[in-house]
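Down below is the structure, laid out as C-alpha cells.
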Amino acid sequence: MEVVAPVAARIAAVPVEVGSPVGAFEAVAVLEVMKMEHPVPAGVDGTVASLSVTVGDVVEAGDRLAIIAPGEQIHERTDFGHGDGDMSALDEVRARHAIGLDEARPAAVGARHQRGRRTARENLADLCSEFLEYGPLAIAAQRRRRDIEDLIRHTPADGMIAGVGRIETGTKGDDRAIVVSYDYTVLAGTQGFQNHRKKDRLFKLAADTGLPVVLFAEGGGGRPGDVDWHGVSLLEVPAFRLLAEVPGPTIGINTGYCFAGNAALLGQCDIIVATGDSNLGMGGPAMIEGGGLGVFAPEEVGPASVQGSNGVIDVPVKDDAEVVAVTRTLLGLTRGHVAPGDLSDPADLRSLVPANRRRTYDMRGIIRKLVDSGTFLEVRPEYGRASITGFGRVEGQAVGIVANDPNHLAGAIDHEAATSIGRHLLLCDRWGIPILFLCDTPGFMVGPHAEAEGLVRSAGALFRISGGLGVATGTIVTRRGYGLGAMAMAAGGFHEGRFIVGWPTSEFGPMGLEGAVKLGFKRELEEIEDPLQREAELERRVEEMLRIGKGVNVASHFEIDDVIDPADSRRWIMGALF
C-alpha cells in the first residue's frame, strides 16, 4: 500500500525504518507546514517495504512517502494520538483557577466570616445553580510595582467575579442573568483597570442578549494603585454608560461599604436591595477628608437608616441570605407566571375597612389578603410613607401595587409619596408588570410646607408618567377617592385604566367633603351666629354631599365601572389586568 503526502510540506521526521513493523495508525512521516507538524499514518498494519523521503525533503501533495506491505494486526489501538500525554499545561490552568477559590484563601474567608458576612463566591453559589465565569484569571494591573506571583495569589479575578448564571425562580423560560460581583476580600472591592474592562464586557453582553443584570456593588470605589496603563484620568471608562443601556432588569445589591464608583453603578440599578449594615456614598471617608469636608468613619457615611428613609434603598433586608432570596423573587417577577400560591378567604376582605369613615385601618393587611399568601414584597417602606409600593402575585401572576396609607397624612399624596409612586410606575412599566392601584386618598397634600418640598413638580410628574405607561392598570377604591390625587391613583383619570371599581365603603368627590362644604357654603355658614348650630349645619351638608358621593351613586352616573363586593376583587384583577 502506497502512503502519500496529503499536502505540500517539508519532511520534519521519519520515525520508521525499512523492514520495521508498523500499525495502521502510526506515523511513517511527520510533515511540517507553517510551523505545525502533521503526522501521516501508515493506513494499514504491516511492514515498511520502502521509504521515499528523508528528513529535510520537500514534497508536494500526492508524492509518495512510503510503501507498506500489509500484514497481521500488530496494535489494538483504534485512534490516532497526536499528543504525548503531557498534562502539565492543564495542571497549570487548574492550579491558577484554584488560587482564586475560597478554599485557597482561608485567612481572607475567615476574616469575612468573623464579621458575620458571606464571601462573594458564597453569595453567588447560593444565587446561581450554574455559573459561567468570565475573566477568573485576571489580576490587578500592578505588574510594574508588584511581583507576578504576589498578584496571582492576592488579587484573584482583579477583585471582581463576573459571568452568566442560572437563577431558578420557579418560572418558565430563560433563567439566565448577567451577574457581576465585587469581591471585598480583594483590595476592598475597589474598581481596578481589569475589572473595569470585565464590567464593560459583561454589560455589553447584557445589552446584546437582553438578560437581566444582578450587581453586587460592595467596594471602596476607584483604585489608585493600578499602574499598568497609560493615561491620566481614566474618565473614558464606558461601564457607567453601558449599564444605563442594558435593556433588561437591573438589580443592585449592597452589603457593607459602597462608595464612589461602586455607588454610582449601584444607583443606576432599577432597584436596590441592601442590608442594614450598608453604608452608601458618592464619596468615602478618604475623599471627604481630601475635600476638606471633615473626618468621618465609614459607618457615618450614608448608613442604611438614612438611605432607607430618603428612598435610595428600595428593599431593606437583614443579611446575605435574605439578599439572595429577595433577588430571586424580584427576577421571578420579570419572568411571568408561577403556580398559584395559597389564597386567603376572599370574604375576609369585607371586614377590613371600618364602617366609621374617620377610622384608620391597615392597608397592608388588605394587600396581603388580595395577593397570594407570602408574595407581597414592599418597596421603599420608609420613604413616601403616605404611599405603599411593592409587588405581589395574584393567582401566580405578577402585579405591581400602589396604595395610599390612611395611617400617614390620612393617605394624602405629598412630595415623597408622589415621587415614590412615580418611580414605582416607571419600574413596573420597564419590567412589563401590570399595576394595581388601591385608592384611599383625600387628594394631594396642601399647605406651605407641602409646597416647599416641590409637590407641584412631583404631582405633575405622576400624570406625565401615567400618560406614557405601556402596561395595564386598574384601580380599586377602598374608601376615599377625592380630587386630583384620586385621578393620579387611576393612571391619570377614572376611565384611563382597564377598570376602576369601588368597595361599598367608597366615596368620591372633586375634593374632600368637609373642605368642599366649608369653601362652597362659606357665606351661609358664616351667617349662622351660634357655633353649635353652625357645626350642625356643616355636618348636615357634609352628610348630603356624602350621600351624593357614595360609590353606588357615582356608579349610577357611570363615573366608575361598578361598586363590588370586596370578595370579588381578585376576579376583577384577573379578568381585567391579565
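The values are calculated or read from the model by the stated rules, or taken from the named source; none is laboratory data. Just so you know, these numbers come straight off a predicted model, no measurement behind them. Cβ placement follows ideal geometry from the backbone for every residue including glycine, while neighbour counts extend to all protein chains displayed. Just the protein is used for accessible areas: all its heavy atoms, side chains included, with ligands, DNA and RNA removed. Shrake-Rupley method; radii C 1.70, N 1.55, O 1.52, S 1.80 Å.
For residue 429, work out the one condition from (1) in contact with a helix residue (DSSP H, G or I) (Cβ under 7 Å, 6 or more places away or on another chain); (2) assigned to a helix (DSSP H, G or I); (3) of a type in the set (D, E, K, R); (4) touching a residue at least 40 places away in the same chain (Cβ under 8 Å) it doesn't fulfil.
(1)
Scan the range 13-41 for residues that are without any contact (Cβ under 8 Å) to a residue 40 or more places away in the chain and among the small types (Gly, Ala, Ser) and jot them down.
Within the range 13-41, 19, 20, 27, 29 meet the criteria.
How many residues, within the range 197-218, are open to solvent by 10 Å² or more (accessible area, probe 1.4 Å) and either in a strand (DSSP E or B) or closer than 9 Å to residue 160 by Cβ (or both)?
So the count comes out to 2.
From the set of residues in the range 367-387 that are over 21 Å from the mean Cα position of the chain (by Cα) and buried (at least 23 other Cβ atoms within 10 Å of the Cβ), which is farthest from residue 572 (Cα to Cα)?
384
Being in a loop (DSSP other than H, G, I, E, B) and of a type in the set (Lys, Arg) is the filter here; which residues of the range 481-531 pass it?
498, the sole residue that qualifies.
For residue 400, state whether it is open to solvent by less than 10 Å² (accessible area, probe 1.4 Å), touching a residue at least 12 places away in the same chain (Cβ under 8 Å), small (Gly, Ala, Ser) and not in a helix (DSSP H, G or I).
yes
Here is a yes/no grid of residues against (1) of a type in the set (A, V, I, L, M); (2) closer than 22 Å to residue 440 by Cβ:
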residue: 509; (1), (2): no, yes
residue: 517; (1), (2): yes, yes
residue: 531; (1), (2): no, no
residue: 537; (1), (2): no, no
residue: 567; (1), (2): yes, yes
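Restricting attention to the range 9-23, which residues are more than 12 Å from residue 37 (Cα to Cα) and either of a type in the set (Ser, Thr, Tyr) or part of a strand (DSSP E or B) (or both)?
Listed by number, the residues that qualify are 20, 21, 22.
Specify the residue that is modelled with the highest pLDDT; the eligible residues are those in the range 536-578 that are among the acidic types (Asp, Glu) and part of a helix (DSSP H, G or I).
568
Output yes when any residue across the range 345-354 is among the basic types (Lys, Arg), open to solvent by 40 Å² or more (accessible area, probe 1.4 Å) and closer than 16 Å to residue 437 by Cβ, and no when none is.
So far as the range 345-354 goes, no, none of its residues is among the basic types (Lys, Arg), open to solvent by 40 Å² or more (accessible area, probe 1.4 Å) and closer than 16 Å to residue 437 by Cβ.
Check 221, 267, 252 and return the single one that is open to solvent by less than 20 Å² (accessible area, probe 1.4 Å) and within 15 Å of the chain's Cα centre (by Cα).
Among 221, 267, 252, only 252 is open to solvent by less than 20 Å² (accessible area, probe 1.4 Å) and within 15 Å of the chain's Cα centre (by Cα).
Quickly run through the range 157-185 and pick out the residues that are in contact (Cβ under 8 Å) with a residue 40 or more places away in the chain, in contact with an Asp or Glu (Cβ under 8 Å, 6 or more places away or on another chain) and either aromatic (Phe, Trp, Tyr) or crowded, with 24+ Cβ neighbours inside 10 Å (or both).
Selection gives 157, 159, 161, 162, 182, 184.
Which condition number does residue 242 fail, the rest of (1) under 19 Å from residue 160 (Cα atoms); (2) buried (at least 20 other Cβ atoms within 10 Å of the Cβ); (3) of a type in the set (A, V, I, L, M) being met?
Failed condition: (2).
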